[in-house]
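Novice: My questions all concern the structure below.
The values are calculated or read from the model by the stated rules, or taken from the named source; none is laboratory data. For clarity, every value in this text was computed on a predicted model and none was experimentally measured. Methodologically, a virtual Cβ is constructed for each residue, glycine included, from the backbone with ideal geometry; neighbour enumeration extends over all protein chains shown. Heads up: the accessible areas ignore ligands, DNA and RNA and are worked out on the full protein's heavy atoms, side chains in. Shrake-Rupley method; radii C 1.70, N 1.55, O 1.52, S 1.80 Å.
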Amino acid sequence: MNKNGVSEEDVLADLAKIKLLDTPYERVLSSMCTYPHPIAASVHQDFLETNMGDPGLFKGTTILEERVINLLGKLLHKPDACGYLSTGGTESNIQAIRAMKNCSISKKPNVVLPSSAHFSFEKTGNLTGVEMRRARLDPDLRVNIDSVKNLIDENTIGLVGIAGTTEFGQIDDIQQLSLIAEENDLFLHVDAAFGGFVIPFLEKHYSYDFEVEGVSSITIDPHKMGLSTIPSGGLLFRDKSLLESLSVHTPYLTVKTQSSLTGTRSGAAVAATYAVMMHLGMDGYKKVVDNCMDMTRYLVSGAKERGFSTVIDPVMNIVCLKMDSPVELQKRLLLEYGWRVSVTHNPQSLRLVVMPHLNKDIISEFLDDLASLA
Ligand SMILES: Cc1ncc(COP(=O)(O)O)c(C=O)c1O
């Protein structure tokens with residue numbers, strides 16, 4: 001730091017220059033985040049100082065968090081679900097497994113999850129000491145149910161299913177996983193970090209949330225397809241006992257216990273999430289998802305016209321184009337045209353996430369650039 005401060009003007013000019021190095025979302029087909037809705041951005045500003053880590057000081061914002069949990073609970077077919085707003089999918093997944101561990105007696109606990117599970121579960125295993133057992137996938141990239149069954153032993157405390165896999169946007173058979181969980185007296189966590197704000201608005205109905213009896217907890221991220229500000233993740237539990245198992249005593253705060261992983265926590269993201277969920281409502285989110293699915297179909301048909309094929313028929317707004325060496329193409333798309341795309345390795349593909357910041361003109365331009373390189 002300088003001894004004397006720099007003028008506000010100079011600081012802002014410096015920031016504006018540096019921000020130009022960030023990729024504008026209009027060139028991004030790799031991210032599951034997007035521009036927050038304007039109402040979320042503006043409300044976030046209004047609540048900047050609020051701290052959910054000390055809720056007694058921020059009684060109003062705490063009411064907003066309770067309301068958001070209720071709105072998310074309704075979206076997930078359990079209005080009386082309990083939980084809190086986390087920093088995102090990673091924290092929610094860590095906490096869900098930590099809760100399973102705290103409510104189990106096994107000395108060497110393990111959890112069975114799909115090999116398509118997000119890398120946050122690797123962090124989860126490392127932090128909690130719970131072994132992560134990866135079940136193989138079916139050809140349609142959903143978790144193989146027999147593989148899940150075969151991995152369960154006397155130390156298994158829970159299962160994980162993914163509703164909207166990070167790489168392929170596939171939805172595991174949560175009903176089957178629920179039956180296995182109930183038969184074996186296991187917890188079942190559903191990671192719907194991305195899918196939670198997509199699946200309820202798709203034409204086809206999927207049973208993946210608390211509507212399925214065996215589901216004990218769900219990750220759902222408002223800062224992805226919920227169009228809220230970062231950091232806004234959600235973790236919901238069917239039963240209070242799981243949430244309570246995470247609680248620690250907080251001797252010097254305005255409340256006696258805390259269940260979140262982080263201490264200080266953004267109330268701004270809470271208020272932003274409340275604002276955008278209230279403002280858009282079910283119809284508003286349906287329009288967002290309809291638009292993304294329309295663009296997804298446009299992208300798929302344009303890609304097929306140009307000779308590409310998809311790994312699976314997209315279930316949600318993620319398209320994976322089969323490719324032998326996607327990394328090379330990924331590099332060239334960035335260097336020659338400034339596009340940010342990602343790749344998958346098993347199977348190999350070019351992965352494209354069709355977020356609300358795109359439109360059909362951008363997609364056409366992308367397809368032409370892609371075709372010129374392939
Ligand atoms: C299915 C799934 N779970 C968890 C995460 C992690 O979320 P975050 O990056 O918000 O921690 C992601 C991120 O893309 C995801 O797709």
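Novice: Taking a probe of 1.4 Å, how large is the accessible area per residue of the range 38-278, in Å²?
Specialist: 41 Å²
Novice: While we're on this one: Apply 1/(1 + (r/R0)^6) to the Cβ-Cβ distance of residue 305 and residue 31, taking R0 = 22 Å, and write down the FRET efficiency to the nearest 0.05. Walk me through the numbers on the way to the answer.
Specialist: Working: r = 26 Å, r/R0 = 1.16.
Once the sixth-power term is evaluated, E becomes 0.30.
Novice: Below 8 Å, C-alpha to C-alpha, sequence gap of six or more: please give me the relative contact order for the chain in percent. Could the numbers behind the result be given before it?
Specialist: Numbers: 728 pairs, mean separation 83.5, N = 374.
Relative CO of the chain lands at 22 percent.
Novice: With label points built 7 Å along Cα→Cβ from the Cα atoms of residue 205 and residue 264, find their separation and express it in nm.
Specialist: For residue 205 paired with residue 264, the spin-label model returns 4.7 nm.
Novice: Given a Förster radius of 45 Å and the C-beta distance between residue 213 and residue 374 as r, what FRET efficiency does 1/(1 + (r/R0)^6) yield to the nearest 0.05?
Specialist: Working: r = 47 Å, r/R0 = 1.04.
With a Förster radius of 45 Å, E is 0.45.
Novice: What is the distance in Å between the Cα centres of the range 247-304 and the range 125-178?
Specialist: 24 Å
Novice: Specify whether the C-alpha gyration tensor of the range 68-169 places it in the rounded, prolate or oblate class, a ≥ b ≥ c being the square roots of the eigenvalues: rounded for a/c under 1.5, otherwise prolate if a/b is larger than b/c and oblate if not. Provide the component values of the computation, followed by the final result.
Specialist: Details: a/c = 1.72, a/b = 1.21, b/c = 1.42.
Note, shape of the range 68-169 comes out oblate.
Novice: Tell me which lysines have Cα within less than 18 Å of residue 331's Cα, excluding those fewer than 8 residues away on the same chain?
Specialist: Straight-line reach from residue 331, under 18 Å: 322.
Novice: Could you tell me which of rounded, prolate or oblate describes the range 182-294, using a ≥ b ≥ c as the square roots of the eigenvalues of the alpha-carbon gyration tensor, with rounded for a/c under 1.5 and, failing that, prolate when a/b is larger than b/c and oblate otherwise?
Specialist: Values: a/c = 3.01, a/b = 1.27, b/c = 2.37.
It comes out oblate by the Cα gyration axes.
Novice: Apply the Karplus curve 6.51 cos²θ - 1.76 cosθ + 1.60, θ = phi - 60°, to the phi angles in the range 135-152 and return the couplings in whole Hz, x for Gly and Pro.
Specialist: 7, 6, 10, 6, x, 7, 6, 8, 5, 7, 5, 5, 4, 4, 4, 5, 8, 6
Novice: Rounded to the nearest percent, how much of the accessible area of the range 38-278 (1.4 Å probe, protein heavy atoms only) is carbon and sulfur? Can you show the working numbers first?
Specialist: Values: 5120 of 9920 Å².
The computed percentage sits at 52.
Novice: To continue, here is another question. Would you please put 215-221, 128-134, 67-73 in order of how densely packed they are, using the mean number of other Cβ atoms within 10 angstrom per residue and starting with the highest? Don't jump to the answer; show the numbers that get you there.
Specialist: On the way: 215-221: 29.7, 128-134: 17.6, 67-73: 20.4.
Ranking, from highest mean packing down: 215-221, 67-73, 128-134.
Novice: Across the range 246-251, in residue order, what do the Karplus-derived ³J(HN,Hα) couplings come to in whole Hz, using 6.51 cos²θ - 1.76 cosθ + 1.60 with θ = phi - 60° and x for Gly and Pro?
Specialist: 8, 7, 10, 6, 10, x
Novice: Next up: For labels at residue 107 and residue 66 in the simple 7 Å Cα→Cβ model, what's the distance in nm?
Specialist: About 4.3 nm separates the two model spin labels.
Novice: Specify the inter-centroid distance of the range 1-53 and the range 190-239, based on alpha-carbon positions, in whole Å.
Specialist: About 27 Å separates the Cα centre of the range 1-53 from the one of the range 190-239.
Novice: Cα to Cα, under 18 Å, and not fewer than 8 places away if on the same chain: which aspartates and glutamates meet these conditions relative to residue 17?
Specialist: 8, 9
Novice: Another question, if that's okay. Please state the shape class of the chain: rounded when a/c is under 1.5, otherwise prolate if a/b exceeds b/c and oblate if not, all from the C-alpha gyration tensor.
Specialist: On the way: a/c = 1.70, a/b = 1.09, b/c = 1.55.
Oblate, because a/c is 1.5 or more while a/b does not exceed b/c.
Novice: Any aspartates and glutamates with Cα under 14 Å of the residue 287 Cα? List them, leaving off those in the same chain fewer than 8 positions away.
Specialist: Cross-link targets: 203.
Novice: Relative to the present Cα-Cα distance, how much length would full extension add between residue 46 and residue 332 at 0.36 nm per residue of separation?
Specialist: Working: separation 286, 0.36 × 286 = 102.96 nm, distance 4.19 nm.
In short, 98.8 nm is gained.
Novice: Also, I was wondering about something else. Between residue 286 and residue 20, how many nm apart are label points set 7 Å from Cα along the C-beta direction?
Specialist: 4.5 nm
Novice: May I ask which of 204/224; 107/240; 123/224; 74/108; 59/123; 101/149 have a Cα-Cα span longer than 28 Å here? Mind showing how you got there, number by number?
Specialist: On the way: 204/224 21 Å; 107/240 23 Å; 123/224 20 Å; 74/108 36 Å; 59/123 33 Å; 101/149 20 Å.
Distance filter (> 28 Å) returns 74/108; 59/123.
Novice: Dipole magnitude of the chain about its Cα centre, charges +1 at Lys/Arg Cβ and -1 at Asp/Glu Cβ only, in debye to the nearest 20? Mind dumping the intermediate values first?
Specialist: Numbers: 35 positive and 46 negative charges, 94 e Å.
Dipole size: approximately 440 debye.
Novice: Any chance you could run the full-extension gain for residue 77 through residue 252? It's 0.36 nm times the residue separation minus the Cα-Cα distance, nm to one decimal.
Specialist: Values: separation 175, 0.36 × 175 = 63.00 nm, distance 3.65 nm.
Once the chain is fully extended between residue 77 and residue 252, it gains 59.3 nm.
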